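S.K.: Take a look at this one; I'll ask things after.
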Amino acid sequence: MYIVFIGPPGVGKGTQSRRLARHLNIPHLSTGDMLRAACAANTDFGAQVAELLSRGRLVPDQLVNEIVDRRLSEDDCRPGCLFDGFPRTLVQARSLDEILARHGQKVNLVLELRANEDELVRRMLLRATAEHRSDDSPETIRNRLHVYRTETEPLIGYYERAGTLQTVDGMGLPDEIFERITRCLPQEQRSH
Ligand code: AMP
């Protein structure tokens, strides 16, 4: 089963998607994690990616698409996987459809997590203190929310038309939210 997680920064996508991947026993693919790993390597390329991340800007589509394409051809992704933070643009969404089609697969389920903006900013500021993430400064937070509204939100209509979208309320306790998420799964995958 191939699942896409969509949601604004701070909505709890990372936590919930990791838990769901464990529940379904499929790989959790976070393009954010992959890009942070690229930054850690001491190369010019890493420095360019780090600069974009620290400003809350998106990394170019082609680069992200290539990273995902390569990762998806690994054997552990055969039974399916969960995408956290990818696709983030329509170009990426179309590319994902093409990559999966080459493997005879498709996106089966898209989970959109929603929360109000005040709550998102509050969560990100908390995380900035806890994790010292360079992209959680107030300025970058505003930028990342703006990028989400303009670049990523159009994906909601795209997946709605494809008939794969399920919207989940991302407000409340993590366990409550996870329960809502599992209710979106096909019956046989709700409890393991
Ligand atoms: P995340 O951990 O998903 O919040 O991603 C952190 C940062 O990595 C984002 O703010 C972007 O700068 C970059 N990034 C992650 N995924 C993508 C993507 N699919 N397309 C472009 N940039 C991305």
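S.K.: Taking R0 as 35 Å, what's the FRET efficiency between LEU90 and ARG190 from their Cβ-Cβ distance, rounded to 0.05? Don't jump to the answer; show the numbers that get you there.
M.R.: Values: r = 31 Å, r/R0 = 0.88.
Once rounded, the FRET efficiency stands at 0.70.
S.K.: Right, something else. For GLU117 and ARG183, what does the FRET efficiency come to when R0 = 35 Å and r is the distance between their Cβ atoms, rounded to the nearest 0.05?
M.R.: 0.90
S.K.: Quote the FRET efficiency, to the nearest 0.05, computed for ARG161 versus ARG70 with a Förster distance R0 of 25 Å and r equal to the Cβ-Cβ distance. Could the numbers behind the result be given before it?
M.R.: Numbers: r = 28 Å, r/R0 = 1.14.
So the FRET efficiency works out to roughly 0.30.
S.K.: Sticking with the crude label model, points 7 Å out along Cα→Cβ, report the distance from HIS146 to ALA40 in nm, one decimal please.
M.R.: 3.1 nm
S.K.: For the pair ARG127/GLU153, report the inter-label distance in nm, with labels modelled 7 Å from Cα in the Cβ direction.
M.R.: Calculated label separation equals 1.9 nm.
S.K.: Taking a label point 7 Å from the Cα of ARG102 along the Cα→Cβ vector, which residues of region 31-71 have an amide N closer than 11 Å to it?
M.R.: 66-71
S.K.: Using a Gaussian network model on the chain with a 10 Å cutoff between Cα atoms, which of THR152, THR182, THR129 fluctuates the most?
M.R.: Judging by the Gaussian network model, the answer is THR129.
All of the numbers you see were taken from the coordinates with simple rules; none came from a lab. All figures in this text were calculated on a predicted structure; none of them were measured in a lab. Please note: Cβ atoms are built from the backbone with ideal geometry, for glycine as well, and neighbour counts cover all protein chains shown.
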